[in-house]
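Notes to accompany the following structure.
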Amino acid sequence: MILGVGLLPVLLFLAALITLDSYKLVRLRAVLLALAVGAVLAAICYGAHAAIASWIGVGPTAYSRYVAPILEESAKAAAIVLLVRGNRIGFLVDAAIYGFAIGTGFAVVENIHYWELLNNPSLSLWLVRGFGTAVMHGGTTAIFAIAGKALSERRDLPKGTGWLAGIAIAVAVHSIYNHFFLSPILSTSVILIVLPPLIFFVFRKSETSLEDWLNVGFDADTEMLELMHSGRLSESPVGQYLQALKEHFHGAVVVDMLCYLRLHLELSLRAKGLLMMREAGFEAGIDAADEAKLRELEFLEGSIGPTGKLAMAPFLRGGGRNLWQLALLRR
């Protein structure tokens, strides 16, 4: 019963985030995998704590306040960065879910570890660990994912600034919590008052942003595709741009670029359609035709090369979200 108090709050909050994900950006299997990753990271960190504390020669209190937050938040943050680089995260919605899931897996293992170490822990201690420490772990990783993803999309900031800001915020929150400037109960109350509402607010704002992106992107992709199918592409700025590319690329490569653009638009519309169907409550997946187009797109990527893809970038709206929506079709 007492162990449940230490585990259930953070698990229930994660379940609430999954339920609120109208577009089902993160599948249950991916959530379970993120939980497992967080659990493994917790085991690795706990194996490293004693060695690091002995190596740098600091006491338990100083270590928990200044060293442990850096190690633990960096480990969880590394998993988020790998997900972004693998095009698994496209919006703040899935950033929040993945972040909180990894933090939840970490917290579950940590609390089970404390349960085994402590002899007959009090209910008050377990309330602090369940509603405070565990939610803090999920919240800080979600904050890192949200802040890093949001700031990394800003072109007015140097590359990597967003992720550095995200890890700085996560480490600072973790360290302040471990200081217990207030009593443990009050510190737990502050965590509950600040982190969950903040994450829910960002979550809702991001869903609105996702809806706007779907609507605008769907219309823009449809317009471009209709232009290509109408035979009037050569009269448009896109057609004139492709004509100009003939001066820099072989004619066969330009043809492949045109095919690449058409397939990219078709798959982009397909991905947006899947999201809209999920939001409406339908279970949707790709078919054999989609898989064939994905394989053809991969072939064309190799044919036109990195320079050709860079030349086509002005007409592939969405930046990194283009890669994300294609990855959505593959999973």
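The values are calculated or read from the model by the stated rules, or taken from the named source; none is laboratory data. Everything numeric here is computed off the predicted structure, so don't read it as measured data. Because the Cβ atoms are built from the backbone with ideal geometry, glycine has one as well, and the counts that use them run over all protein chains shown. Heads up: the accessible areas ignore ligands, DNA and RNA and are worked out on the full protein's heavy atoms, side chains in. Shrake-Rupley method; radii C 1.70, N 1.55, O 1.52, S 1.80 Å.
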### Query
Mind checking which pairs have a first residue in region 53-70 that is closer than 15 Å to residue 180 by Cα and a second that is in a helix (DSSP H, G or I), Cβ under 6 Å, 6 or more apart or different chains?
63/53; 64/178; 65/175; 65/178; 65/179; 69/171; 69/174; 69/175
### Task
Please find, within region 18-33, the residue that is farthest from residue 110 (Cα to Cα) out of those that are open to solvent by less than 40 Å² (accessible area, probe 1.4 Å) and at pLDDT 90 or above.
30
#### Entry: Qualifying positions in region 96-126 - among the aliphatic types (A, V, I, L, M) and within 29 Å of the chain's Cα centre (by Cα)
96, 97, 101, 102, 107, 108, 109, 112
### Summary
In the set 77, 15, the lone residue that is crowded, with 16+ Cβ neighbours inside 10 Å and on the phi < 0 side of the Ramachandran plot is 77
### Task
For residue 148, indicate whether it is within 27 Å of residue 18 (Cα to Cα) and either over 26 Å from the mean Cα position of the chain (by Cα) or open to solvent by less than 20 Å² (accessible area, probe 1.4 Å) (or both).
yes
### Task
Test each condition in (1) over 17 Å from residue 68 (Cβ atoms); (2) in contact with a Pro (Cβ under 9 Å, 6 or more places away or on another chain); (3) crowded, with 17+ Cβ neighbours inside 10 Å for residue 132 and report the one that comes out false.
(1)
### Message
Just the residues that are polar (S, T, N, Q) and within 10 Å of residue 170 (Cβ to Cβ), please, taken from region 122-158.
### Response
140, 141
